[in-house]
Amino acid sequence: MHFVDRTPAAAGPGGRARPTSARPLSPSADLTVLRVRPRVRLGGALGTEREKSKDLFGAVFGDDVWFLAGLAVVATVVGLTASAVARRREVHHAVWWFLLVFCLTGVFGVTFALRGGESGPASCVINHEITEPLNTTQGLWNLAMFVPLGLFGVLALRRPLPVLAGVLVLPCAIELAQALAPFVSGICDSADVEMNVSGGVMGAAAALMLVRGRVDWCSWAKPTLLVAGVLAVAGTTVFQAAITADHVDGSTSHDARGDERKAAERAIRQAFGDHYRVDAVRVSPGLDGYNGWMSIQIADSFPAQLMWPGGRQLSVSFEDSTHPTRASFPVPGATTPHDARDAYRIARSYMKTHYPWAATASRHETQPVGSKAEFGWLTSWRFKERGVAMPRSLDVQINRSGRVSQMLVDLGPRHVKLPARLIPAEQAEDIVRKEQQRNGADPRGLRIHADVLKTERAKGWQGPWLVVWSVSVTDTGCTPDEDGGGCDPTNTVLDAGTGKIHDE
């Protein structure tokens, strides 16, 4: 059971998105990467679970105090009714029926209330990090919610088998409803099932200890197994047919541990020597096998992002301003650059010290950043074969003070096996044009250009390498908003071997 967190997420690198510093690096279209960011539950900028636990009910229910009060009244009435029916039928342990039905009504109330639902594709997060929920407020809440169901279920029925089946089936049914029903609050997450079931089993175990094992294990065994089996088959069929499974290695950001922190420190040391001390490091997991990211705190901010797992790419943005600051990285012996040639010499000096392998690149170029180089100059080193940019690359931006203001390095291979035939640029543009037309756009008002032919992994840091076209699409008839935005080109990634368009 996953509740809607109504606490506003603080902006920052510890949150969902990477810092947006497009000016310095986006002019080099080679830097476009095929990347899918995860839909993950984050706590904002270093918003720790300790902070969220200070006001758990406030985060989950917001201002819905009256909702909780009303639900408690309804649960009490339903519980008393169940207890009265049990007494009239001379059912043993009728008092426990009140508590069981009260808790069960509460679970259904907070789950299926018409609050916070969003329409969209049916999906469910499959969390491979099975111990993660034990360290989160959300996980412990889900655990605690089901302990009373297991406890009072055994005390009321004195038949453990249907209770255990219930605490297993009910969480699965709840998550299916959260995935499929747009009016149900929350999202489907395997971690919620894990903690709900664990709580129910713990409650049942506690009840067995209280009654000293005096229960009937065989009673209702056949109907219980039959109903549970039918529901399991039905649920599995629905899940496979209607729900997309999003696999993640953890669904919340966390502080880097062990090898994760060592990788972050190693990446920063290679990029800047001992000039900076690594402070906090937050890991945001990837989705469905795609890459996650580490946000690395140096120089009192979070300018660095390291692709994780693998640590293949490091992106650092110290500043994005026409006025250079001392937050940027000083290159020994550098003087104030006056043109692209001066900036290249400084960037080359940095490269030889920190990434000397770039000296063997197929080509390099230095371009102004901004119409008058007001942001400085960007030097790019590329390894290319048959016009295809290989993963290994280096981009260094030198600001007007002769310091490194931004950089991006990709430590991928210098050579990737290429398909025998590659789609030419004109054909790639035609495929994208037809796709835009199928989506209802007027191709006569679009400017479509195949920018870069490059290699990128099909999925995550271990998937096969693909050769892809990065195709930009600009709506020439777009009217900018009040801030002059809203008309930026969109980017389409197209497999240069098959012509298939990939979702970004």
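The values are calculated or read from the model by the stated rules, or taken from the named source; none is laboratory data. Given the structure is predicted, the values throughout are model-derived calculations rather than measurements. Note: ideal-geometry Cβ built from the backbone for every residue, glycine included; neighbour counts use all protein chains shown. For accessibility, only protein heavy atoms count, side chains too; no ligands or nucleic acids. Shrake-Rupley method; radii C 1.70, N 1.55, O 1.52, S 1.80 Å.
Details
- If you go through region 119-163 and keep only what is buried (at least 17 other Cβ atoms within 10 Å of the Cβ), under 27 Å from residue 243 (Cα atoms), hydrophobic (A, V, I, L, M, F, W, C) and out of contact with any strand residue (DSSP E or B) (no Cβ under 8 Å at 6 or more places or on another chain), you end up with 140, 141, 143, 145, 146.
- Pick from region 256-274, criterion over 26 Å from residue 349 (Cβ atoms) and surrounded by fewer than 17 Cβ atoms within 10 Å (Cβ to Cβ), ranking: modelled with the lowest pLDDT: 257
- Check on residue 363, open to solvent by 70 Å² or more (accessible area, probe 1.4 Å), of a type in the set (Lys, Arg) and out of contact with any strand residue (DSSP E or B) (no Cβ under 6 Å at 6 or more places or on another chain): no
- For residue 452, the criteria (1) within 31 Å of the chain's Cα centre (by Cα); (2) surrounded by fewer than 16 Cβ atoms within 10 Å (Cβ to Cβ) hold in every case but one, which is (2).
- Residue selected from region 468-490 under the condition polar (S, T, N, Q) and crowded, with 16+ Cβ neighbours inside 10 Å, by the criterion farthest from residue 455 (Cα to Cα): 472
- Enumeration of residues in region 473-500 that are outside any loop (DSSP other than H, G, I, E, B), closer than 28 Å to residue 311 by Cα and not charged (D, E, K, R): 490, 491, 492, 493, 494
- Matching entry among 215, 227 (being in a helix (DSSP H, G or I) and at negative phi): 227
- Exclusive hit being modelled with pLDDT under 95 and surrounded by 13 or more Cβ atoms within 10 Å (Cβ to Cβ), set 278, 201: 278
- Test: residue in region 215-226 that is among the polar types (S, T, N, Q), at pLDDT below 95, within 31 Å of the chain's Cα centre (by Cα) and farther than 24 Å from residue 413 by Cβ: no
- Test for residue 353: is it more than 34 Å from the chain's Cα centre (by Cα), closer than 19 Å to residue 315 by Cα and at pLDDT 95 or above: yes
- Per the listing 447, 400, 414, the residue uniquely of a type outside the set (Asp, Glu), over 30 Å from residue 276 (Cβ atoms), touching a residue at least 24 places away in the same chain (Cβ under 8 Å) and open to solvent by 70 Å² or more (accessible area, probe 1.4 Å) is 447.
- Being open to solvent by 40 Å² or more (accessible area, probe 1.4 Å) and touching a Phe, Trp or Tyr at 6+ places or on another chain (Cβ under 9 Å) holds for only one residue in 107, 91, and it is 91.
- Filtered by the rule that a residue be open to solvent by less than 30 Å² (accessible area, probe 1.4 Å), touching an Asp or Glu at 6+ places or on another chain (Cβ under 6 Å) and in a loop (DSSP other than H, G, I, E, B), region 282-311 gives a lone residue, 285.
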